[in-house]
Amino acid sequence: MTISGRVKALLGRHATDRLLAVAAVLVLLAAWFYGWANSTEDVAPLVGSVLPDASQIEQVNGIYAGYRLDVEGNRRLVGYAGVGEASGYGGPVRMLVGVNPEGTIIGVQVVEQRETPGFFRLLPQTGYFDEFLARSVSAPLAVGKDIDAVSGATLSSEGVAEAVRRAASQVATDQLGMAVPPEPFHVGFGFPELTLLGLYAAGFFGHQTRNKTWKKWLRRASLLVGALVLGFLYNKPWTLANVISLLSAYWPDWHTHLYWYLLVGGIVLVTTAQGKNPYCSWFCPFGAVQEGLARLTDAKLYRPRRLHRPLKWIQRGLAFAAIALGLALRQPGAFSYEPFGALFDLQGGSLVFLLLALVLFGSLLVYRPFCSYLCPLDPVVELIGEGRRWGKDLRRRRTDEA
Amino acid sequence: MKRSLFLLWLGLCLVLILAAVGQSVWGITTGQGDGSTQVLGAQINQTPTATTTAIATLSPLGTPGPTFTPVATLSNTYLDQ
């Protein structure tokens with residue numbers, strides 16, 4: 001068989017689509033490596049900002065010691081600085097923490113963060129970092145105990161607090177010989193996680209049942225719960241930021257971010273194993289809101305015959321560009337252009353609010369217009385589904401040949 | 001729904017999305033705008049060069065004058081501030 005024949009046999013039907021999918025994956029791999037090669041942050045230049053009185057800084061075993069010279073030329077210890085890392089919303093959060101010899105935090109600085117800019121910006125704006133200053137390294141330094149989270153940026157607040165606590169603990173135990181409270185271990189399983197599992201179960205039974213009335217009402221109930229709980233109550237829909245975090249290998253601690261694993265892992269697993277999308281039509285909060293608006297005006301699905309396919313390619317192109325940029329610049333949240341946060345948490349820039357207004361208006365005229373032509377997650381599910389079909393095709397042909 | 005109205009709607013949405021994404025790219029790559037670097041100032045996420053971060057030592061009276069050490073060679077040496 002010739003080379004082109006082999007390639008055609010490997011690609012099977014839909015050869016063009018699959019060739020494009022392969023090319024897209026290769027570009028994303030290149031973006032991933034570019035981002036990986038350029039993602040190292042230099043801590044040293046920031047040390048002065050958390051030990052402002054130090055004129056000399058020395059690094060020993062990953063901890064920085066700051067000194068100043070007195071008039072006689074003797075070195076006086078000003079304090080220590082350590083780095084701690086924890087998981088935020090989009091990826092790791094690394095914090096540099098300065099501690100004086102008495103064990104009091106005197107400076108806090110962000111070394112690295114991959115959070116959504118619009119949300120993370122709330123932290124300095126509300127003086128969140130100042131909450132840590134003048135506290136002892138032996139304090140709990142935990143959101144909900146002695147630190148107040150910033151509303152609208154809870155996951156980022158928790159990530160920062162955890163990173164600060166880890167840095168402070170390292171300095172306290174390694175340099176100051178102080179006892180610090182052990183890191184609390186708890187599995188974050190609560191109402192959102194329980195609801196999510198319930199929604200998966202509803203979707204599973206909905207896909208299995210042959211009773212159309214049951215299926216219809218189960219789907220409506222799932223959408224309503226999805227909109228109320230995952231949307232308006234917790235603002236935890238599936239976003240492109242989750243996809244980019246997953247691809248960037250920014251996987252958070254499972255015990256504190258169980259929801260992330262249930263949501264992202266569940267969608268990928270069910271789509272791969274079952275070949276059915278468990279999320280979009282069943283409990284996507286934003287889809288539910290669009291569907292609710294469509295019900296008000298009896299708006300119908302709009303698929304212009306000749307335009308539908310080119311428009312779908314625009315949607316795929318947008319999603320692809322956003323993922324490639326997110327991977328290359330290692331900023332999962334910055335390219336997640338869905339207006340979910342604007343609707344469910346009233347957070348976002350003016351462009352996102354304008355987009356939200358347009359989408360909500362469009363939803364009165366057309367059934368789920370954002371899902372059909374703009375949402376970046378639809379092409380992601382499509383790609384997983386295409387990979388599954390391709391794998392099945394190959395297995396079937398091998399069986400036929402055997 | 002009329003096709004022209006739909007296309008106008010879609011075009012406006014695309015313009016807004018592209019503007020938002022462009023704003024993020026510009027912000028991240030230049031340290032301004034709506035990118036992550038705006039969050040806490042331009043020093044975050046930017047790797048300083050040795051030439052821009054060499055800082056003089058404060059020397060006591062009667063001792064030799066200031067010296068400069070590049071931060072890039074900080075490991076196990078003194079960072080002069």
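Please treat every number below as a calculation from the coordinates, not as lab data. Given the structure is predicted, the values throughout are model-derived calculations rather than measurements. We place every Cβ from the backbone using ideal geometry, glycine too, and count neighbours over all the protein chains shown.
General remarks:
- As a proxy for reagent exposure, A:THR239, A:THR126, A:THR195, A:THR116 were ordered by neighbouring Cβ count within 10 angstrom, fewest first; the result is A:THR126, A:THR195, A:THR239, A:THR116.
- Aspartates and glutamates whose Cα lies under 16 Å from that of A:LYS300, excluding same-chain neighbours fewer than 8 positions away: A:GLU291
- Shielding score for A:329-339, defined as the mean number of other chain Cβ atoms within 10 Å: 5
- Short-range pairs are left out: with C-alpha atoms under 8 Å and at least six residues apart, the relative contact order of region A:104-219 is 20 percent.
- Among A:TRP238, A:TRP390, the order by Cβ neighbours within 10 angstrom, fewest to most, reads A:TRP390, A:TRP238.
- Built amide H within the under 5 Å cut-off of A:VAL93, gap 5+: A:ALA86, A:SER87, A:GLY88
- Inter-label distance, nm, simple model (7 Å from Cα along the C-beta direction), A:TRP254/A:GLU102: 4.4
- What you get for the protein assembly as shown, charging only the Cβ of Lys and Arg (+1) and of Asp and Glu (-1), is a dipole of about 3780 debye around the Cα centre.
- Span-like helix ranges in chain A, DSSP H, alpha carbon extent 24 angstrom or more, Kyte mean at least 1.0: A:15-37
- Full extension of the chain between A:LYS312 and A:VAL60 gives 85.2 nm of extra length, using 0.36 nm per residue less the Cα-Cα distance.
- Ordering A:SER281, A:VAL78, B:ILE17 by Cα displacement along the dipole of the protein assembly as shown toward the positive end leaves A:SER281 in first place; charges were set at the Cβ atoms of Lys, Arg (+1) and Asp, Glu (-1).
- Spin-label model, B:LEU8/A:THR126: points 7 Å from Cα along the beta carbon direction are separated by 4.0 nm.
- Averaged over peptide B:6-19, the number of partner chain Cβ atoms lying within 10 Å of each residue's Cβ comes to 6.
- When the Gaussian network model of chain A links Cα atoms closer than 10 Å, the mean-square fluctuations of A:LEU196, A:LEU263, A:LEU77 top out at A:LEU77.
- Computed FRET value (nearest 0.05) for A:HIS186 with B:VAL15, which takes r as the C-beta separation and R₀ as 56 Å: 0.80
- Pairs spanning more than 21 Å between alpha-carbon atoms, out of A:LYS312/A:LYS392; A:LYS145/A:LYS236; A:LYS276/A:LYS312: A:LYS312/A:LYS392; A:LYS145/A:LYS236.
- In the protein assembly as shown, the DSSP beta bridges split such that about 95 percent are antiparallel, to the nearest 5.
- Other protein chain C-beta atoms within 10 Å of residue C-beta, averaged over A:347-355: 4.
- Listed from fewest to most Cβ neighbours within 10 Å, the set A:THR271, A:THR16, B:THR29 follows the order A:THR16, B:THR29, A:THR271.
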